[in-house]
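The values are calculated or read from the model by the stated rules, or taken from the named source; none is laboratory data. What you are looking at is a predicted structure, and each value in this text was computed from that prediction instead of being measured. Ideal geometry is used to build each Cβ from the backbone, glycine not excepted, and the neighbour counts take in all protein chains shown. The accessibility values were calculated without ligands, DNA or RNA, using every heavy atom of the protein model including side chains. Shrake-Rupley method; radii C 1.70, N 1.55, O 1.52, S 1.80 Å.
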Protein chains: 2
Amino acid sequence: MNTTDTTPETVTSSTAHARTATPTGPLPVPPAGGPRLDVEAVSAALLGRWAEVRREARERAARPELHRPVDATVAEHRERVFAQLQTLADEGVARPMLPESLGGPNDNGANVAAFEELVVADPSLQIKSGVQWGLFTSAILQLGTEEHHRAWIPGAMSLETPGAFAMTEIGHGSDVQSLATTATYDPETDEWVIHTPFRAAWKDYLGNAAVHARAATVFARLVTRGVDHGVHCFYVPVRDAEGNLLPGVSSEDDGEKGGLNGIDNGRLAFDHVRVPRTNLLNRYGDVDADGVYSSPIDSPGRRFFTMIGTLVQGRVSLDGASNRASQLALTIALTYASQRRQFSAADPSRETVLLDYQAHLHRLLPKLAATYAGAFAHEQLLQAFDDVFSGRGDTPEAREDLETLAAALKPTSTRLALDTLQECREACGGAGFMGENQLVGLHQDLDVYATFEGDNTILLQLVAKRLLADYTSELKSVDRAGIGRFIAQRAETLARRHTPWTELAQGIGDRGNPRRAFDSMRQADFQEEMLAGRARIKVEEVALALRPAGRMSPEDAAAHVNKHQVEMLDAARAHADLVRWRAFTDGIEAIDSEGSRAVLTEVRDLFGLTVIGDDLAWFLLNGLISTQRGRQIAADQRRLLWRLRPHVLDLVAAFDVRPGHVRAPIALGGEKERQDEAAAYFRAQRASADAPVSEKVLRDQERRRQKAARGAGASARGARR
Amino acid sequence: MNTTDTTPETVTSSTAHARTATPTGPLPVPPAGGPRLDVEAVSAALLGRWAEVRREARERAARPELHRPVDATVAEHRERVFAQLQTLADEGVARPMLPESLGGPNDNGANVAAFEELVVADPSLQIKSGVQWGLFTSAILQLGTEEHHRAWIPGAMSLETPGAFAMTEIGHGSDVQSLATTATYDPETDEWVIHTPFRAAWKDYLGNAAVHARAATVFARLVTRGVDHGVHCFYVPVRDAEGNLLPGVSSEDDGEKGGLNGIDNGRLAFDHVRVPRTNLLNRYGDVDADGVYSSPIDSPGRRFFTMIGTLVQGRVSLDGASNRASQLALTIALTYASQRRQFSAADPSRETVLLDYQAHLHRLLPKLAATYAGAFAHEQLLQAFDDVFSGRGDTPEAREDLETLAAALKPTSTRLALDTLQECREACGGAGFMGENQLVGLHQDLDVYATFEGDNTILLQLVAKRLLADYTSELKSVDRAGIGRFIAQRAETLARRHTPWTELAQGIGDRGNPRRAFDSMRQADFQEEMLAGRARIKVEEVALALRPAGRMSPEDAAAHVNKHQVEMLDAARAHADLVRWRAFTDGIEAIDSEGSRAVLTEVRDLFGLTVIGDDLAWFLLNGLISTQRGRQIAADQRRLLWRLRPHVLDLVAAFDVRPGHVRAPIALGGEKERQDEAAAYFRAQRASADAPVSEKVLRDQERRRQKAARGAGASARGARR
């Protein structure tokens, strides 16, 4: 294999790229003198603001006693994870979440960062921690007041009181406002009566509910003096110290799940269970002894969304954990692909490394690029979360922005993680299907990340609604001159659609020169313009399409909006793509290493061009991209694959996924060892006189001999003439 | 909800579609008088040529003792499946595969059809049966000769001899030609010496190898008289009757896998293990007592592919089983979606059924359409397989066509099954993640279908190579007039790319009339032209791009081909799409029920337009589709979703997935029961005087009262003026 200082890209015009073209295969390592990733610097950039916390958490996640078991029963796995949770409690891992009033540092960003990293130990442990501290304890902290904190937080922190977060019901998951459990105030006894009115109102899928929970934060409709004040949260003991269910409380086990079987998910129901009036977590709504309701927030709708909004932390941490899982999967699959050899196209004595196949790069590198984008986007989300929850930047607007950002990123990164895990597993062939190689287990565990803590479809719909509201309010608030600008912009959008594309400025600049088009499409300005334009126009189109709904009956309006649901989700995804692309670009600019910026810019370009390429028909039909560039884009993506090939292992190394995180034998040198042993065997065979000769080789030799004989005969005949 | 005889489609021009537009929501059932699916007729069409065998197999698959266990350990699951296999053996389920010489009917199609249906009982049982009879027994049957059949087939059939199919090695899976295990002939003892030379040559991932196998059909390089004749198959006993490994044989357990844990996959290695010379399965290659090799096929390459080709049955049955699994998943998810209600957009007393959301139809119906296409395509594959293996149509060309068809369909249907299972699981939310609802278990089990029995990527590459070879030989064989036609066709392809699309004939015909464009794109001719044109042009493009390789050194040529690997795979997928579309279209024409043909034609249109829409940029850039149609296509797909909405449950019913196959509580009426109970509760509440009033309603009333008072005041003031 030739390893000259070149990349094997010709595509349409090989001469134009002579300086970067070798016909004989890709480069396994960066060429001397070219840009090279500074692994330390990029690793530091990815670690972000809570670098120290993450480093510590990564050491923790490498400890064998915290790892996912292989071939455990559901019962064994549950007990193992419960014991691990106790370890974390004893070590005070969740302490950063405590506010100053409880003697903590109120360092919410650090807290979430530390727990995200647990996903590479065992996603069950990450999520069980999330149930105990991120949901159950957080509900007491965020929705309760001082007395509640004093009474219940210590037990929740120490795991003396394992808790369930009893929000979801069988009948209502995403639609929390429609929960049916009731909490009716009884002024006679100064108590709440918690009640499950029918089967669909059973609380379901609750971590800790099947076995471990002693208490639950129960979401129920607060009813007092004949008025239903909507969903509020109540602290309800459910089991005694021996683990027996308390009177009136029923529980069922969800049994085996698709994954996360270290968590005892189950159902809870309440048959007129009584708790003291003060068990209402009363920060946003309270009832006095006479049953008179009061709230600092007048509007029931806004009050509900404020309460729910305090729980955004779950989405933030799923975003981070999904990203980390993608990093682990890519580390395994790309390490294996750089050692595994299969098929010898040319050199019979040496097979080709998987990563040198175009299709292999094509299936994995765009995922690597998107995972980089996701990591930088997550850091922005985590900082926004910390700013709000530390109180430093806690305004209603900042909260709303945070919720929108979380709603945009959580669906994107959980989807990416599942797709990446599946692609990595398939890219490792049969080895990828073995439990010990981690990929299948990760997919099983992360599967539910797509639908819990806010179903991905519902979250994207929230994002779309926010984007539409912003668009509408922007339109409303503009002055006369602004309206003019809007009309002009809209006219341009429509005009573009009818511009023959060969006349686009792009076409004139690029004409007949794929190299120039390649360079142009790699301009940050071009990608920014494309992605921002797409995000804006998609929202605008939906907004215009929905306008007639304003003049319709509620039924008709709902049906009309429903006819544009797919476009709404599409607009939300376009927004998330833009957010990720910008975060990636900002992240690169902040890195103090020229070589790293150069390599990462190509990774960013691969991300940008992949996003554009995946929606290319839209760009063409809307006149944003010329036919020439449109034809060029797939070739450009492939060119980037080869250019990035030498940097793949550096890019993976910067993820800082450690041996204790990688437990897959195929990515821990096992494959390399086997390849070396096999190569040594064949070398010895070639050197040996006793080695068998291939029938095919003998036949080829015979054929050549006969041909030569015929040739000799022919030339002898020729000479005779 | 209004259920007039209409569909709710407006898209761009609502007035143009007034006759089919209702603003208030989709239809849950087919309108009276319109076309309706004849479930019986369509079911019969899907059952195909082996209808009776399938009906019997479906009854079998409904038997509880054959079902996948929930929460079993790997060891328990393995023993359960082994016992189930014994049941099948005792019932003679595999008997149809036996040739007349062994007293069987040689009904290969029936045999495969029967085993495919087992996937809905437990995929582990389907695959363990496949290992025992489809691979181990088949290898003896297809590669061995009469004496072998007499000696070993009875034990294999009765499960007295559980067997492993020892082909794959740790180091080589897809590249079977490079296997490293050797079988060296020793004329002194008239024996083969089977040997594993290094770790990577261990046989791996073999079903039955870890525990149950008593014998194995071992693929090894046949070496005699110093010549390596390539990979041949040998019958090798591996364990004694007590289950102890025989001398020289080593075994390791693959342990827990991502799925299919009812199968004891494991590794086997051989340390100079000796078997009699006659243990070579010698149909395609033999060695006499002196060690002289002979074969009916001269070329070692063709000989190898002939031997491997006899094992195509595995791919055929995976194609069928994947399709059946998709049918089961869609039955579960669509049944649930037609009962589950969530969010009330308009009517506060009644939430909307999931299936009435555009996004829900959009995520599931294209998969339903593709599953229909896959079923009809599979029936063609199975008939082709049966024709060849019955001997009725066994020509080299027919075998090659069969192998290409299997290589095109197996990757397509296994991919579709995984995507469908994942989409269905997510569409069922948290319930979809519960083990009892089957979707997660099916995904886990079918995961490996994408990479075993021929890795999907490798198979698509085989298809591409065949298409390229056909293209080249076609070019070579045409006469002068043919070359002229070729040049003219090529000129047209290139010219189209530079035609402004508004001038395409399509544009002229459709102009300004989306309805007409809709009808045009639903023409079979249009879809056929698009899909066939795409398949042809994609092959042509790759063929032309690869031409320079012919003049290069082998290394350079390999690198050059590698630069077009992604395009090759893309061309193969385009071919598979065309095959499926045509099979679907042919299948519809054969159905003797006008209503069914009408409904299925819309399903076919949804399939066709989805395939075209997914590659729309390509069609635009190649001038095959006009901008107007390009803009219209997404709206047309959505229109089809609403048109098909009333037929969804009929379409699912035609799959004939029975209650014993569906064991998911969410699809067996549980959800409907809960919805009915909740609805009754709310009805009673509304009728009751004691029911609490919503704070929001009270506030709205108060606001209206105040507004009215202000209005009254204002008009009073106005009257005073």
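The GluC sites (Glu not before Pro) of region A:103-194 that meet both conditions, a loop assignment by DSSP and at most 14 other Cβ atoms within 10 Å of the site Cβ, are A:GLU160, A:GLU188. For the pair region B:461-493 / region B:104-157, the C-alpha centres are spaced 40 Å from each other. Cβ-Cβ distance of A:ARG225 and A:ASP614, R₀ of 56 Å, FRET efficiency by 1/(1 + (r/R0)^6): the value works out to about 0.50.
Each Cα pair under 8 Å and six or more residues apart adds its separation to the average, and for region B:517-633 the resulting relative contact order is 33 percent.
With the helix formula -39500 (n - 2.57) applied to DSSP H stretches of n ≥ 4, chain B reaches a computed 222 nm mean residue ellipticity of -17500 deg cm²/dmol.
When peptides B:225-237, B:427-439 are sorted by average Cβ neighbour count within 10 Å, with the highest value leading, the order is B:427-439, B:225-237. Between A:ARG392 and B:ALA491, the modelled labels are 7.1 nm apart [label points 7 Å from Cα along Cα→Cβ]. Label-point distances for B:GLY301 to the equivalent site in the other copies, using a point 7 angstrom along Cα→C-beta, read 7.1 nm when ranked shortest first.
B:LYS707 exposes around 140 Å² of accessible area when a 1.4 Å probe is run over every protein chain in place. Straight-line reach from A:LYS367: which lysines have Cα under 30 Å away, leaving out those fewer than 8 places along the same chain? Straight-line reach from A:LYS367, under 30 Å: A:LYS128, A:LYS257, A:LYS410, A:LYS465, A:LYS538, A:LYS672, B:LYS257, B:LYS367, B:LYS410, B:LYS465, B:LYS538, B:LYS563. A simple count of charges around B:VAL81, restricted to other residues whose Cβ falls under 12 Å of its Cβ and scoring Lys, Arg +1 and Asp, Glu -1, yields -2. Each residue of the protein assembly as shown gets 207 Å³ once the volume of the Cα convex hull is shared out per residue. Across region A:531-574, no residue has a backbone nitrogen under 13 Å from the label position 7 Å along the beta-carbon direction of B:ARG686. Projection of the Cα convex hull of region B:670-714, averaged over all directions and equal to a quarter of that hull's surface, yields 4.5 nm². Projected label points at A:VAL29 and A:PHE305, each 7 Å from Cα along the beta carbon direction, are separated by 5.6 nanometres. For chain A, the relative contact order is 16 percent, taking Cα pairs closer than 8 Å that sit 6 or more residues apart in sequence and dividing their mean separation by the residue count.
B:HIS661 contributes about 0 Å² of solvent-accessible surface, heavy atoms of the protein only, 1.4 Å probe.
Since only A:GLY670, A:ALA220, B:CYS428 are under comparison, the one whose Cα sits farthest along the positive direction of the charge dipole of the protein assembly as shown, derived from C-beta charges on Lys, Arg, Asp and Glu, is B:CYS428. Taking a label point 7 Å from the Cα of A:ARG699 along the Cα→Cβ vector, which residues of region B:265-296 have an amide N closer than 20 Å to it? Once the point is set 7 Å along Cα→Cβ of A:ARG699, B:281-288, B:291-296 turn out to lie under 20 Å by backbone N, inside region B:265-296. Please give the charge dipole size of region A:48-309, origin at the Cα centre, charges +1 on K and R Cβ atoms and -1 on D and E Cβ atoms. Round to the nearest 20 debye. Its charge dipole is roughly 540 debye.
Across region A:565-687, the volume of the C-alpha convex hull divided among the residues equals 208 Å³ per residue.
Comment: the Cα-to-Cβ extended label point of B:SER101, at 7 Å, lies 8.8 nm from its counterparts in the other copies, nearest first.
Accessible area per residue was computed with a 1.4 Å probe on protein heavy atoms; B:ARG36 scores about 130 Å².
Peptide B:550-560 has a mean shielding of 5, counted as Cβ atoms of other protein chains within 10 Å of each residue's Cβ. If R0 is 41 Å, the Cβ-Cβ spacing of A:GLU52 and A:LYS707 corresponds to a FRET efficiency of close to 0.05. Positive end of the dipole of the protein assembly as shown (Cβ unit charges, origin at the Cα centre): among A:ILE140, A:ALA183, A:LEU364, the Cα lying farthest that way belongs to A:LEU364. If you take all other residues with their beta carbon under 14 Å from the beta carbon of B:VAL697, and give Lys and Arg +1 and Asp and Glu -1, the sum is +3. Amide H to amide H, with H built 1.01 Å from N, B:LYS257 comes under 5 Å of A:GLY435, counting only residues 5 or more places away or on other chains.
Between the residues A:LEU260, B:ALA535, A:HIS232, the greatest Cα displacement towards the positive end of the dipole of the protein assembly as shown, with unit charges on the Cβ of Lys, Arg, Asp and Glu, is found for B:ALA535.
For A:HIS272, A:HIS212, write out the residues from largest to smallest accessible area, computed with a 1.4 angstrom probe and no ligands counted.
Highest to lowest solvent-accessible surface, that is A:HIS272, A:HIS212.
Rounded to the nearest 20, the size of the Cβ-charge dipole of the protein assembly as shown about its Cα centre is 5000 debye, with Lys and Arg at +1 and Asp and Glu at -1. Summary for A:GLY226: label point 7 Å along Cα→Cβ; distances to the equivalent points in the other copies, ascending, 10.8 nm. Taking Lys and Arg as +1 and Asp and Glu as -1, the other residues whose beta-carbon sits under 11 Å from that of A:THR395 total -3.
Rounded if a/c is under 1.5, else prolate if a/b is larger than b/c, else oblate: which is region A:632-721, with a ≥ b ≥ c the root eigenvalues of its Cα gyration tensor? Because a/c hits 1.5 or more and a/b fails to exceed b/c, region A:632-721 counts as oblate. Placing dummy labels 7 Å off each Cα toward the beta-carbon, the span from B:GLU91 to A:LYS476 is 6.6 nm. At a threshold of 50 Å², the residues of region A:188-218 that become less accessible to a 1.4 Å probe in the full protein assembly than in their chain on its own are A:PHE198, A:TYR205.
With respect to the axis relating copies B and A by rotation, the chain B residue whose beta carbon is closest, plus that distance in Å, is B:ALA617, 2. The share of C-alpha pairs in chain B whose separation exceeds 33 Å stands at 57 percent. Accessible surface calculations at 1.4 Å, restricted to protein heavy atoms, place chain A at 38 Å² per residue.
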